[in-house]
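First comes the structure, then the notes that go with it.
The values are calculated or read from the model by the stated rules, or taken from the named source; none is laboratory data. It should be emphasised that the depicted structure is a prediction, and the values quoted were computed from it without experimental measurement. Counting neighbours? That spans all protein chains shown, and the Cβs are built from the backbone with ideal geometry, glycine included. These accessible areas exclude ligands, DNA and RNA; they are computed on the full protein's heavy atoms, side chains included. Shrake-Rupley method; radii C 1.70, N 1.55, O 1.52, S 1.80 Å.
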Amino acid sequence: MEQISEFNSLLLQLENGGLHTELNGRMKELIAYMLTHGAESGSKLKGSIALKIEFTLEKERFAVKPEVTVRVPKIMTPNLPRPATMLYATADNALSRTDPKQRELPLPPA
């Protein structure tokens, strides 16, 4: 059973890696936007990417739902609703995609 005990591992698991990929794209988009509009106006621009992760415990498993907010003087892409990723807590307070109470079948290797 793979355990998720560090933040970067959790980030890679959320939305099956989709959140990590999106954050990389949004960062590049933000930088490009600021370079383009900062050069045009010659003024100082501020931008930010905020990541909020909500944990909800439901019957011994966690719903982990991220929310990404990108702020620039003019938003480039809308902030869309995000799905929750379901994870289970392990005995040592890490997270796992697999229910630690569920036994695994002894299947031969493929």
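Pick out, in residue order, every one of the trypsin sites (Lys or Arg not before Pro) in the stretch 1-96 that is DSSP loop and has at most 12 other C-beta atoms within 10 Å; say none if there are none. Please report the intermediate quantities before stating the final value.
On the way: sites: 26, 28, 44, 46, 52, 59, 61, 71, 74; in loops: 44, 46, 59, 74.
Answer in residue order: 44, 46, 59, 74.
Taking θ as phi - 60°, what are the ³J(HN,Hα) couplings along the stretch 100-108 by the Karplus curve (6.51, -1.76, 1.60), each to the nearest whole Hz, with x for Gly and Pro?
Taking θ as phi minus 60°, the curve returns x, 7, 8, 6, 9, 6, x, 8, x Hz for the stretch 100-108.
Hey, any idea what % of the chain's accessible area is carbon plus sulfur with a 1.4 Å probe?
Carbon and sulfur: 55 percent of the exposed surface of the chain.
Evaluate the relative contact order of the stretch 1-103 (contact order divided by residue number), counting alpha-carbon pairs under 8 angstrom at least 6 apart; express in whole percent.
28
Report, please, the projected area of the chain averaged over directions, based on the convex hull of its C-alpha atoms, in nm². All intermediate terms of the calculation are to be shown ahead of the outcome.
Numbers: hull surface 38.2 nm².
Mean projected area of the Cα convex hull: 9.6 nm².
Excluding ligands, DNA and RNA, what is the solvent-accessible area per residue of the stretch 1-74 at a probe of 1.4 Å, expressed in Å²?
Accessible area per residue, the stretch 1-74: 69 Å².
Give a quick list of GluC sites (Glu not before Pro) in the stretch 9-110 that DSSP marks as loop, anything other than H, G, I, E or B, with at most 12 other Cβ atoms within 10 Å.
60, 104
Between the helical axis of 18-41 and the dominant principal axis of the chain, each derived from Cα atoms, what acute angle in degrees is found, rounded to the nearest 10?
10
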